[in-house]
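This is the structure I want to talk about, given as structure tokens.
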Amino acid sequence: MTPTHLIIHGRVQGVFYRDWTVKTARQLGVSGWVRNLPDGTVEAHLDGAADAVEAMIEKMHDGPLAARVDRIDHSKAQPQNCATFERR
């Protein structure tokens, strides 16, 4: 397991970024959550096999068609024992 905390910067609110993240994470077998923050960024917690988490982060750099990701800050996190991936 590789728990990872992310802050996604760019045009990531109002472009279905969270819904896309939930769908993509579930397809990859990654658990965790995603939510909007008041400053316009998106925060996410990813948990799963290292290769699945890495694949998810790679995909998150592109996101859905209308999104523009400028950068993703990521750091190690504590496991949160999420059963699935959810939107908060």
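The values are calculated or read from the model by the stated rules, or taken from the named source; none is laboratory data. The structure displayed is predicted, hence computed values, not measured ones. Note: ideal-geometry Cβ built from the backbone for every residue, glycine included; neighbour counts use all protein chains shown. Each accessible area value is taken on the protein alone, full model and side chains, heavy atoms only, with ligands, DNA and RNA left out. Shrake-Rupley method; radii C 1.70, N 1.55, O 1.52, S 1.80 Å.
Yes/no matrix, rows are residues, columns are (1) crowded, with 18+ Cβ neighbours inside 10 Å; (2) in a strand (DSSP E or B); (3) β-branched (V, I, T):
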site	(1), (2), (3)
V15	no, no, yes
G32	yes, yes, no
R35	no, yes, no
H45	yes, yes, no
K59	no, no, no
G63	yes, no, no
Q80	no, no, no
A83	no, no, no
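From D51, D19, grab the single residue that is open to solvent by less than 80 Å² (accessible area, probe 1.4 Å), part of a helix (DSSP H, G or I) and acidic (D, E).
The match here is D19.
Out of (1) assigned to a strand (DSSP E or B); (2) surrounded by fewer than 18 Cβ atoms within 10 Å (Cβ to Cβ); (3) at pLDDT 95 or above, the odd one out for H74 is which?
(3)
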